[in-house]
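One structure is given below, encoded as C-alpha cells.
The values are calculated or read from the model by the stated rules, or taken from the named source; none is laboratory data. Everything numeric in this text was worked out from a predicted model, so none of it was measured. Cβ sites come from the backbone with ideal geometry, for glycine too, and all protein chains shown count toward neighbours. Side chains included, ligands, DNA and RNA excluded: accessible areas come from the protein's heavy atoms. Shrake-Rupley method; radii C 1.70, N 1.55, O 1.52, S 1.80 Å.
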Amino acid sequence: MASRLWATRAASFFRISVPHRGFATVVKDLKYSDCHGWVRTEGNLATVGITDRAQEYLGQIVHVDLFADGCKVKQNKSFGAIRSVYKNSNIYTPISGIVVQVNTKLKKSPHLVNESPYEDGWILKVEMKDSKELNNLMSSDQYSKFCETAFRDRSLLDLLFNRS
C-alpha cells in the first residue's frame, strides 16, 4: 500500500498519468458470500472461488491449501487456506456439497487467483447438496453495496477473513 502511495505521488509530481483501477470487479451472474467467496452454478455443479476484492486485500498469493476431491464441504465453513506474502487466511465455502474437482493448476501457479479470480483462478467445483442455499448468498448488486460499507473498516475485513 505504501509503495502504491509513493508511486502515485511520484507520478503526480512528474505529471505522469496513472490509471486508477477503482473498485474491484464484481461479476453480474455470480452469487457472493459475506466471506468474499463467489459461486457460479451450472445445474447442480457450483464453481467456487474468492472475489477480486478478497485477492486484492490478501496481496500476492503464494500458496493455496485445499481439501481433496470427494471431501464434504459445508456452507460458511473453512475448506482450505490461502497464503500470501502478507497474510495467511482460511477460505470459506459459500455452498455445501461434495468436492468433485480442485483446481490443480493452483499448486504450481497460485498467482492465478490474483490474475484471474473469476476464471483461471477458481478454487473448487462442488456438487451442491441443497441449491436452496443459494438464497442465502448475495447478488452482485448486494455484494457491491456490502463491500462499500464493509471495506471502510479494515478491522471488519480482518474479522471476515479470520473467522473461528
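Computed quantities for the displayed model
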{"quantity": "Set of lysines with alpha-carbon distance to Lys125 below 23 Å, sequence-local pairs under 8 removed", "calculated": "Lys28, Lys31, Lys72, Lys74, Lys77, Lys105, Lys107, Lys108"}
{"quantity": "Loop trypsin sites (Lys or Arg not before Pro), region 47-77 (other Cβ atoms within 10 Å of the site Cβ: 13 or fewer; DSSP)", "calculated": "Lys77"}
{"quantity": "Inter-probe distance in nm under a simple model that places probes 7 Å from Cα toward Cβ, at Val62 and Ser78", "calculated": "1.9 nm"}
{"quantity": "Highest to lowest packing among 54-62, 81-89, scored as the average C-beta count within 10 Å", "calculated": "54-62, 81-89"}
{"quantity": "Asp141, Asp52, ranked by accessible area, largest first (probe 1.4 Å)", "calculated": "Asp141, Asp52"}
